[in-house]
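What follows is calculated from the coordinates using simple rules that are stated; it is not laboratory data. Note that the structure is predicted; figures quoted are calculated from it, not measured. In this analysis, Cβ positions are derived from the backbone assuming ideal geometry, glycine residues included, and neighbour counts consider all displayed protein chains.
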Amino acid sequence: MFLISFMKAHPVEPGQHYVGLLVAGAQANTKEVVDLTLAAPELPHDMLSLLALGDAAFPIMEKALQTNQGRIPLNTIRLLAPIPAPPRNIFCVGKNYPEHMKEVQSIVASANDTQGDAPSTPIIFTKAPSTVIGPMEPIPAWLDETDSVDYEGELAVIIGKHGRGITREYAMQHVYGYTILNDVTSRRIQKRHQQWFLGKSLDGFCPMGPCLVTRDEINNVGELRVQTRINNELRQDDYVREMIFDIPVLIKTLSKGMTLQCGDIIATGTPAGVGMGFKPPKFLKTGDRISITIEPIGTLENPVE
């Protein structure tokens, strides 16, 4: 299923969020939204509560798909990030694609990797929840006083089942689904501080969306292709199978001594082709448009201001 969080043009209460299903429209190449508050009012009206229901919600959502109730055109609503207000920091992974590791090796070297070598263990850092914005929301590059805003297109994993000490063999059972994430970064702030948190956590520096695709919709996550375009120029293009540490390893690593919770978000790393990898660097500027595509999830697009 393709789950979304959204706002209506005329909500019952100002600022109210809704949860829906993204489906094909009646006419070719169109999309519609099944508003679950109308088609399945017994379900929770926010994404985190819906995820917490787990498998129990699926028969109800399937039934909602089979009816014509609550269907509204996609172009009449405002898409939000699938989880608009994460309860915890977003977990991120650094240098998880071989070619990206090489392109940034001399710029953001870490203590656990040596010249030209892949990291021996996953590099984990976080982004503040206040970084999250939805599709088409402007990225506020003006907040970066160093004028070094960069993009990182990534596949993000959404945890649906809490757990600690999760093994590789059972890791995927804890995955609810996937979305697209842009780990926007101030490179000069990142380099200024040995810990990457500040350079990664400026407000609005984590676009997510356009939807959350449940795990059952993707047979082989390794075959997902991550493509990032800046003003229609293809910059990043790689497959998830090329990750140094795959999703089960990341889940095992994070959960070894810490409980992963329902609704946690894991950004799995970015391929080569980021702005700072060019000579000279190609940092983002006002008026740029970033489009990150991972099918079948779709395209996450955001302008820069």
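Summary of computed values
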quantity: Within region 120-190: Cβ-based charge dipole about Cα centre, in debye rounded to nearest 20 (Lys, Arg +1; Asp, Glu -1); calculated: 460
quantity: Net dipole in debye of the chain [+1 Lys, Arg Cβ; -1 Asp, Glu Cβ; about Cα centre; nearest 20]; calculated: 440
quantity: Residues of region 48-76 with amide N under 20 Å of the 7 Å Cα→Cβ point at ALA26; calculated: 64-76
quantity: Convex hull per residue volume in Å³, alpha carbons only, for region 45-173; calculated: 186
quantity: Ranked TRP142, TRP196, criterion: other C-beta atoms within 10 Å, fewest first; calculated: TRP142, TRP196
quantity: Given charges at beta-carbon only (K, R positive; D, E negative), |dipole| of region 2-79 in Debye; calculated: 260
quantity: Residues of type lysines that LYS191 reaches as a straight line, Cα spacing below 23 Å, ignoring anything fewer than 8 places off in the same chain; calculated: LYS95, LYS102, LYS127, LYS200, LYS279, LYS282, LYS285
quantity: Region 30-103, relative contact order [Cα under 8 Å, separation at least 6], %; calculated: 38
quantity: For the chain, the spread of Cα positions along each principal axis, largest first, Å; calculated: 58, 45, 33
quantity: Summed side-chain charge close to PHE6 - residues other than PHE6 whose Cβ falls under 9 Å, Lys, Arg +1, Asp, Glu -1; calculated: +1
quantity: Note, ³J(HN,Hα) from phi for region 251-266, Karplus 6.51, -1.76, 1.60, rounded to Hz, x at Gly and Pro; calculated: 5, 4, 5, 5, 8, 4, x, 9, 6, 6, 10, 4, x, 5, 10, 10
